[in-house]
Amino acid sequence: TQADLNYVGSITIDRKLLEAAGIREYEQVQVADIDNGNRLVTYAIAGEPGSGIICINGAGARLVSRGDKVIIMCYCQLMEQEADDFHPQIVFVNEKNAVCRQEACR
């Protein structure tokens, strides 16, 4: 994880990770820092595919330190009848932020 105070807002996420998780660029995400318990809401922007980049930008960089482990969450609202067929994606990464496992919740 990186942090860049001098960039305006957002979280930069490797495009391959965005695609694996089904997160669209500029979609709102919640970030939870495992190391310090901080949480923030921002939007996702695509980083270089295969780079493994996860970088908290702007003011959010005060809440997450370089090297911290984070969980990135994205939510949606569904009609009750849509919820039965919806299966969220969980993407697990290795120490280089490359996908090592992916699951669809049932």
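Couplings for region 71-78, taken from phi via the Karplus curve 6.51 cos²θ - 1.76 cosθ + 1.60 with θ = phi - 60°, read 10, 10, 10, 9, 10, 9, 10, 10 Hz in order; Gly and Pro are left as x. Converting the Cα gyration tensor eigenvalues of region 8-106 into ellipsoid dimensions via √(5λ) gives semi-axes, longest first, of 23, 16, 13 Å. Dividing the summed helix terms, -39500 (n - 2.57) for each DSSP H run of n ≥ 4, by the number of residues in the chain produces a 222 nm estimate of -2000 deg cm²/dmol to the nearest 500. Its relative contact order, with pairs defined as Cα atoms under 8 Å and 6+ residues apart, puts the chain at 34 percent.
Only the coordinates and a few stated rules stand behind these numbers; no lab work does. Here the structure is a predicted model, which is why all the values come from computation and not from measurement.
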